[in-house]
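First the structure, in the form of structure tokens, and then the observations on it.
What follows draws every value from the coordinates through simple rules; no lab data is involved. A quick note: this is a predicted structure, and the numbers were derived from the prediction, not measured. Glycine also receives a Cβ, built like all others from the backbone with ideal geometry; neighbour counts cover every protein chain displayed.
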């Protein structure tokens with residue numbers, strides 16, 4: 001834990017604990033919350049150390065229970081994917097886009113708990129009892145609806161349902177022109193907030209985009225492909241965002257989407273870091289230049305600073321900015337914990353943010369597998385296996401869940417089970433080295449060396465970390481360390497977890513391993 005790391009306001013302290021500012025201030029007065037002040041004793045100069053908060057928080061299960069109960073007592077809702085009555089891909093993108101915009105808008109309403117997109121979309125195309133859905137998502141109300149388009153005319157139906165008894169709290173049918181789409185989104189969002197009796201501030205709830213409907217349609221298509229989180233999806237999304245920016249270079253959300261794509265395309269498409277990094281960073285900076293309040297752009301910059309640049313203070317600053325702007329932004333919690341706090345060995349903090357992401361997005365495979373990763377890095381394989389299996393129940397093909405599951409099995413020398421998990425991952429940059437490692441430990445040296453040759457001959461810049469893992473499995477520590485140096489230079493996928501990932505434990509006593517950590521700026 002870094003001794004000088006601090007939370008510098010009540011807002012940061014409250015966001016870290018997942019409570020309101022008023023609650024955090026009350027706990028200082030009545031529950032000995034370890035807040036500090038500078039010598040001049042000005043109220044606004046409060047600060048706190050996460051390490052001290054962690055110790056205090058873990059000693060107070062009573063307050064943890066009250067905090068959970070308070071969140072349950074707050075108005076809560078989930079927006080299920082609107083049904084596309086046209087049954088075609090073009091309007092599928094439109095109906096998904098409407099759903100996502102309503103989720104994003106309602107999430108920004110203070111005092112309203114809203115389930116994040118990933119969990120809500122678990123129910124897309126499924127017929128399920130509303131009470132069952134509400135129980136699984138942990139919400140009091142469900143918003144569901146449908147969209148039908150005929151030329152430039154839209155018909156949208158929406159209804160808000162009380163989970164407890166299945167009764168409608170509000171329902172409406174809207175007949176509008178496509179040109180009224182932005183105002184329609186605002187109208188529905190406001191109606192939901194009023195029906196839930198949540199206090200509403202001034203100004204719009206929904207995001208103001210370009211008034212160019214074609215540009216907006218391209219944006220929805222780009223997000224649709226980006227949300228698939230695959231190489232093909234990212235490439236298609238890049239095309240959409242670039243077309244938008246050719247029409248309207250001031251659309252900040254398109255720049256943020258482009259940054260997100262380039263950040264992930266590097267390792268997935270084998271694009272060298274020196275190409276992927278500038279593209280992702282430039283797009284995110286442009287987004288913030290246009291609109292500094294976009295948490296997604298701060299997330300992209302935080303990801304780039306951590307994974308590509310090993311600039312941990314910069315990365316942390318961006319994620320904290322994202323959480324200041326939007327405390328309920330599930331991805332900010334997820335990425336901050338997984339790509340900054342965990343690499344820095346601040347594992348208890350990382351686990352707190354993983355759990356908070358899971359509260360916001362309870363059926364999210366990435367959030368659940370991130371919790372599994374936290375358990376793995378804490379050397380708790382049984383809990384890691386349990387969390388990863390739950391993630392795979394939600395999405396049997398989610399690659400990182402298979403990766404963390406396989407590593408958890410390695411901790412207990414269950415090489416057959418680990419190999420089975422790793423074999424289900426298609427992308428070689430995620431697991432090919434792990435699979436070869438398993439072959440080596442199962443006595444299949446020839447098979448392990450065949451995988452090694454294939455990786456080395458592929459000349460994929462992001463595979464260096466996997467090659468190092470395979471050399472380690474074959475017992476060649478010198479080669480493993482050489483390839484780890486290359487992995488640092490090439491910004492190979494996963495190398496930023498070097499300080500805490502169990503697979504590297506056999507190398508920790510070697511001074512050359514400490515040198516690698518220094519390259520990553522992770523040495524103590």
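To check you understand DSSP bridge types, tell me what percent of the beta bridges within the chain (both residues inside) are antiparallel, rounded to 5.
Around 75 percent of the beta bridges assigned by DSSP in the chain are antiparallel ones.
Just to confirm the number: angle between the C-alpha axis of helix 477-490 and the first principal axis of the chain, 0 to 90 degrees, nearest 10?
Its long axis makes an angle of about 40 degrees.
Return a whole-number percent for the relative contact order of the chain, with Cα pairs under 8 Å and 6 or more residues apart as the contact set.
Once normalised by length, the contact order is 9 percent.
Tell me, in nm to one decimal, what length is gained between residue 47 and residue 420 on full extension, where the rule is 0.36 nm per residue of separation less the Cα-Cα distance?
Extending this stretch completely gives an extra 129.5 nm.
Taking 8 Å as the Cα distance limit and 6 or more residues as the minimum spacing, I'd like the relative contact order of the stretch 10-65 as a percentage.
After rounding, I find 25 percent.
Once both axes come from the Cα atoms, what is the angle between helix 445-458 and the longest principal axis of the chain, in degrees from 0 to 90, rounded to 10?
With rounding to tens, the tilt is 60 degrees.
Classify the stretch 10-65 from the C-alpha gyration tensor, please: rounded if a/c falls under 1.5, else prolate or oblate depending on whether a/b exceeds b/c.
prolate
For the stretch 427-451 and the stretch 236-309, what is the separation of their C-alpha centers, rounded to whole Å?
34 Å
Looking at the square roots a ≥ b ≥ c of the eigenvalues of the Cα gyration tensor of the stretch 74-203, which shape do they give, rounded for a/c under 1.5, prolate if a/b is larger than b/c, or oblate?
Oblate, because a/c is 1.5 or more while a/b does not exceed b/c.
Any chance you could give the angle, 0 to 90 degrees and rounded to 10, that helix 428-441 forms with the longest Cα principal axis of the chain?
With both axes taken from Cα atoms, the answer is about 40 degrees.
Rounded to the nearest 0.05, what FRET efficiency is calculated for residue 171 and residue 127 with R0 set to 25 Å and r the Cβ-Cβ distance?
Between residue 171 and residue 127 the formula returns 0.85.
By count of other Cβ within 10 Å, fewest leading, how are 234, 303 ordered?
Ranking 234, 303 by Cβ neighbours within 10 Å, fewest first, gives 234, 303.
Which whole-angstrom value gives the distance between the alpha carbon centres of the stretch 332-372 and the stretch 154-232?
Cα centres, the stretch 332-372 to the stretch 154-232: 28 Å.
Per DSSP H run of n ≥ 4, the term is -39500 (n - 2.57); total these for the chain, divide by its residue number, and report the mean residue ellipticity at 222 nm rounded to 500 deg cm²/dmol.
Dividing the helical sum by the residues of the chain leaves -18500 deg cm²/dmol.
Could you check the simple spin-label distance between residue 155 and residue 60, using points 7 Å along Cα→Cβ, in nm with one decimal?
Taking the simple label geometry, residue 155 and residue 60 are separated by 5.5 nm.
Note the full-extension length gain between residue 454 and residue 239 as 0.36 nm times their separation in residues minus their Cα-Cα distance, in nm to one decimal.
Contour length minus Cα-Cα distance gives 74.3 nm.
Please give the contour-minus-distance gain from residue 212 to residue 510: 0.36 nm per residue of separation, less the Cα-Cα distance, rounded to one decimal in nm.
So the chain would gain 101.4 nm between residue 212 and residue 510.
Among 497, 170, 255, rank each residue by its count of other Cβ atoms within 10 Å, from fewest to most, as a rough exposure measure.
Placing the least packed residue first, the sequence is 170, 497, 255.
How high is the relative contact order of the stretch 402-498, in percent, counting Cα pairs under 8 Å that sit 6 or more residues apart?
Relative contact order here is 22 percent.
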